[in-house]
Structures are given as C-alpha cells and as structure tokens.
1. Counting only residues that are more than 18 Å from the chain's Cα centre (by Cα) and on the phi > 0 side of the Ramachandran plot, how many does region 256-281 have?
2. Tell me the residue from K228, K224 that is touching an Asp or Glu at 6+ places or on another chain (Cβ under 8 Å), open to solvent by 70 Å² or more (accessible area, probe 1.4 Å), within 30 Å of P130 (Cβ to Cβ) and not β-branched (V, I, T), please.
3. Just checking, does region 15-34 include any residue being within 23 Å of L241 (Cβ to Cβ), at pLDDT 75 or above and out of contact with any Ser or Thr (no Cβ under 6 Å at 6 or more places or on another chain)?
4. Please go through region 320-345 and pick out each residue that is exposed (fewer than 14 other Cβ atoms within 10 Å of the Cβ) and assigned to a loop (DSSP other than H, G, I, E, B).
5. Could you check region 56-89 and list, in sequence order, the residues that are among the hydrophobic types (A, V, I, L, M, F, W, C) and either under 21 Å from the mean Cα position of the chain (by Cα) or modelled with pLDDT of 80 or more (or both)?
6. Mind checking which pairs have a first residue in region 324-345 that is without any contact (Cβ under 8 Å) to a residue 60 or more places away in the chain and a second that is in a loop (DSSP other than H, G, I, E, B) and open to solvent by 40 Å² or more (accessible area, probe 1.4 Å), Cβ under 6 Å, 6 or more apart or different chains?
7. Tell me, which strands (runs of 3 or more DSSP E) lie completely within region 114-185 with 2 or more residues that are under 27 Å from G366 (Cα atoms), touching an Asp or Glu at 6+ places or on another chain (Cβ under 7 Å) and not polar (S, T, N, Q)?
8. So which residues in region 36-65 are open to solvent by 30 Å² or more (accessible area, probe 1.4 Å) and hydroxyl-bearing (S, T, Y)?
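The values are calculated or read from the model by the stated rules, or taken from the named source; none is laboratory data. For clarity, every value in this text was computed on a predicted model and none was experimentally measured. Don't worry about glycine lacking a Cβ; one is built from the backbone with ideal geometry, like all the others, and counts go over all protein chains shown. Only protein heavy atoms, including side chains, enter the accessible area calculation; ligands, DNA and RNA are left aside. Shrake-Rupley method; radii C 1.70, N 1.55, O 1.52, S 1.80 Å.
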Amino acid sequence: PQRDYPILGPSGRVESFSGLMTKAPFNIAQLVWRTPTLGLRDLLGVDAKAACSMLGYGPHTYEKWDQVSARTYLDSLRFPEDARQMLFDVFSHSFFNPEDKFSAAELLMQFHFYFLGNPEGLIFDTMKTPFGPGFIEPLLDYLRGLGVELRLGESVEQLTLGGDLQVRSGGRFESADAAVLALPIGPLKSVVEASTGFDSRFLASIDSLETTLPFVVWRMWLDKPVNKRAPFAGTVGNGLLDNISIYEKLEDESAAWAQKQGGSVVELHAYGVPADLDEAAIRADLIRALHELYPETREAQVIEERYLRRQDCPAFAPGSDALRPGVRTSDPRVFLAGDFVKVPWPSALMERATMSGFDAANQIHG
C-alpha cells in the first residue's frame, strides 16, 4: 500500500491526498478545506451548481455533459487557477486527452470513480515484484495447467461470421465458439475492416474510435540515489512531465539493484504529448523538470535507460459516447474488451479494460 499520491506544482506547491476521510462527500469537503490553494473567498466564487455535478453519476451524466469539453466545464466552476491546476489537472491528464478535446462526462465519471466510488481515493497499492514474473508468468502457467493453448506472437487477421464463427490467424481459418477482441484501437479497426458479417451500426461504432495524443515513459538507472521522495508523485505546471516514480521504493527488483549500485531507478511519464515534438525536445523538457523538482538528480549519471513513446490510448472527444461500442457486438458470439469500451460502471482506463474483459467472459459463460 502506498501512503500518498502527492501532486507537485510550481513554486514548491504540494497537494496531498493522504489521511482523507474514506466516505463521500466528507473526503471531498476535507480536501477542499485543507488545500492551501483555496480560501473562503475563493469558495464563495465557485459555481456551486456546476460543482455539484461531481457528486452524482449515471446515464444523466452523459446526457448532460458528453457534448461539453472538460475545459468548458472546468472553466464554469470558476476555481482559482492554482486550485484548478493542483486539484483537477491530474484527472484530465491521466486520461491522456487534452482538456479541450476531452468529454466533460468522462472527466466527471473519473472524478466519481476516484473520490466517490473508491474509499481510498487516489491512494493505490503496488506489486512488490515486476508484473512479468509477479503476475503475467504465473497467470500463463495457470492457464496452461487448465489445458489452454497459448499462441503468443501470433496475429489474428480476420473473422468470418456465418453459420460458423471462423477466425483467421497465421494465414489459416479455425472454427470458434466465441471470440473476445481485446485489441488496441488500431489493430481492432484492421481486424474488423477485414472481417465479414458485422452489421453497419457496429462498423460505424468501430470507425468512430480514435486515439489521442502520444505518451512517453522514460526509465533511467542513475548512479546516485534520490533524496527522501515519495515513491510516486504527480506533477502539474512543469512542462511535459506528469509523473515521477522512484522504483526502488515500489518493487524489490529495483530495490536490490539500487542497494547494490548505490543509485536509483527513476521513471518519468508524459501524457498527451504534442505529436509534432521530436524525441530530443521531449527528453530535454522531461530532464529539465526532473532536475527542477528533484535537484539532487542534476549530478547523477544515467547508467542505463529505456525510452518508450506510444500513441494507442483512446480519445474521449466531446460527443463520442453516443457511438462508442460496448462489450457486445452485432454478433452474439463476438465481444469486445479494452480501455475504450463503454461499460455501465465508473472506471479509469486499466479498470475499464479489466471490467470489460470480465464482462465479456461472463456473457460467454452466462
């Protein structure tokens, strides 16, 4: 369990989410009361009616707010700029979508998920071992023990719907009782476009899906330790940087390396990166922000690194919910799962992928 999810802002500002009450709306009231970026006079200027939209969630949320951008909604609250930056930027950024191209309904759903549907708020648990050996490999062994045939590294190319469900993979067709397409948007579009038998409404829903701006993950193995820092911290108002993780404080493999080498394993995240920025510019901005927030890293040398840039996270543009596909498709044997799939429960991206996967499995066996 992590103790906090601090938000580091400009001029040394820090917002903490630890020690909050676990019942809504008392947790929100406590957060607002103790935040240094809001005073009583500021609260009197907030649009209470718009702010109260955060306290409820359901179909009405999308009916009222999906056509509105997150930026327009946040502007309507009339929060002071500092408070808005420290309290809300983390939510809009965590979905990788820029505020002016992000549905206000999705923002409100996200706020509800973290603060009203989750008693721990932003505080989360982490695995002590890397996900590969700690979760994925044991899961694969478990599945093999049940007789599951795993074809890793083999692509699905096409589905043929008719009397029999046919799946084409590796250039050959095989019959299937059911299929779950748990694919990122790009590969999903390619498979659906090559398939036959889906109706026009489902095809339109898949065609409506888009990806948002790229994200960057940069992990560095440094020859010097960082000071006493939070294992994970969000950042706002400091260029492209959105998160800093100190991995030796999160998992045992990194802790063993850091202890042996006397260094530190630092990972930087940047969400919603402008598509026209090249790698050199992104690296320069991220390292500048790291040095500013954690000055002790200025003297550290990078022993090893991994730099990853991807653009496969879903866009949630205003008005997109009406066409967004759910778990069911136009064929009762084919289902969808992923972070872009519409589900009836409030959820963030990884949680939405998991929920839709469980829902698909339950519907197959239900």
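1. Of the residues in region 256-281, 1 are more than 18 Å from the chain's Cα centre (by Cα) and on the phi > 0 side of the Ramachandran plot.
2. None of the other options fit; the residue is K224.
3. Yes, there is a match, as at least one residue in region 15-34 is within 23 Å of L241 (Cβ to Cβ), at pLDDT 75 or above and out of contact with any Ser or Thr (no Cβ under 6 Å at 6 or more places or on another chain).
4. P332, P344, W345, listed by residue number.
5. W65, V68, A70, L74, L77, F79, M86, L87, F88
6. Listed pairs, sorted by first residue: G326/K342.
7. Because the criterion is at least 2 residues that are under 27 Å from G366 (Cα atoms), touching an Asp or Glu at 6+ places or on another chain (Cβ under 7 Å) and not polar (S, T, N, Q), the strands (runs of 3 or more DSSP E) in region 114-185 that meet it are 165-169.
8. Hits for region 36-65 are Y57, Y62.
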